[in-house]
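Novice: Dropping the structure in here first, questions after.
The values are calculated or read from the model by the stated rules, or taken from the named source; none is laboratory data. All values derive from a computational prediction rather than experimental measurement. Note that each Cβ is placed from the backbone with ideal geometry, even for glycine, and that neighbours are counted across all protein chains shown. Just so you know, the surface numbers come from the protein's heavy atoms only, side chains and all, with ligands and any DNA or RNA stripped out. Shrake-Rupley method; radii C 1.70, N 1.55, O 1.52, S 1.80 Å.
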Amino acid sequence: MAAHDLPDFDPRVLERSAEAAYRKASAIFTGCVAGGVVIGAMFGATPLTPIGAHWPIPQAFGFATMLLGALLGGVVGYVVGDTRSALCRLQGQTALAQVESARHARAMADAMREIHEIHERMRELAAPAPVAPAPAPPQPEPERPVEPSPFNLPSLPALRVATGGLPDVKPPPVSS
């Protein structure tokens with residue numbers, strides 16, 4: 001699939017996915033607790049069945065064991081359901097984080113675009129106005145003849161000073 005064939009980004013899709021993940025987490029939690037209570041009550045009710053006749057627990061304690069089994073089953077269901085529903089809530093939070101990240105990225109892109117436009121306007125305002133042609137630079141002074149060195153060294157060119165456009169700068173004195 002080419003990039004131009006992809007649909008546009010729609011944050012509502014991710015938001016609906018996050019809502020579905022939270023509903024699923026709630027259903028998993030409720031189902032696990034309810035299932036734990038039912039299974040615990042069934043095990044706790046064993047003394048009330050014909051199988052319970054062979055158990056050391058008398059039938060008179062059957063309702064108490066059924067309630068105790070339901071309570072323990074509910075606790076186990078709570079622990080299991082909380083752990084499993086946490087994964088669904090994590091998926092929902094991940095989807096919401098992606099939506100927030102996309103919003104922040106879009107805001108940052110808009111801000112960068114505005115900064116770029118402001119920078120371009122400032123560059124246009126700071127551009128120098130057309131200037132009349134500069135006067136011709138002053139003619140350089142004629143070079144002085146170089147005296148031959150008594151040590152048979154090659155002759156060096158005359159010293160020139162960068163004036164930066166100022167005509168009254170004198171070169172430093174040369175020692176002999």
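Condition check ((1) out of contact with any Asp or Glu (no Cβ under 9 Å at 6 or more places or on another chain); (2) in a helix (DSSP H, G or I); (3) modelled with pLDDT of 90 or more) across all residues:
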| residue | (1), (2), (3) |
| --- | --- |
| Tyr22 | yes, yes, yes |
| Val37 | yes, yes, yes |
| Leu67 | yes, yes, yes |
| Val80 | yes, yes, yes |
| Leu90 | yes, yes, yes |
| Ala95 | no, yes, no |
| Val99 | no, yes, no |
| Ala105 | yes, yes, no |
| Met108 | yes, yes, yes |
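Novice: If I filter region 114-136 down to residues being outside any helix (DSSP H, G or I) and open to solvent by less than 100 Å² (accessible area, probe 1.4 Å), which single residue comes out as modelled with the highest pLDDT? Steps first, answer last, please.
Specialist: First pass over region 114-136, keeping only residues outside any helix (DSSP H, G or I): 127-136.
Imposing the further condition that a residue be open to solvent by less than 100 Å² (accessible area, probe 1.4 Å) reduces the set to 127, 129, 132, 134, 136.
Details: Ala127: 74, Ala129: 66, Ala132: 67, Ala134: 67, Ala136: 70.
It comes out as Ala127.
Novice: When you check Pro56 against the structure, is it without any contact (Cβ under 8 Å) to a residue 24 or more places away in the chain and not hydroxyl-bearing (Ser, Thr, Tyr), yes or no?
Specialist: Values: without any contact (Cβ under 8 Å) to a residue 24 or more places away in the chain: yes; not hydroxyl-bearing (Ser, Thr, Tyr): yes.
The answer is yes for Pro56.
Novice: If I ask for residues that are modelled with pLDDT of 70 or more, assigned to a helix (DSSP H, G or I), open to solvent by less than 100 Å² (accessible area, probe 1.4 Å) and among the hydrophobic types (A, V, I, L, M, F, W, C), which ones from region 46-62 would you list?
Specialist: Of everything in region 46-62, those that are modelled with pLDDT of 70 or more, assigned to a helix (DSSP H, G or I), open to solvent by less than 100 Å² (accessible area, probe 1.4 Å) and among the hydrophobic types (A, V, I, L, M, F, W, C) turn out to be Leu48, Ala60.
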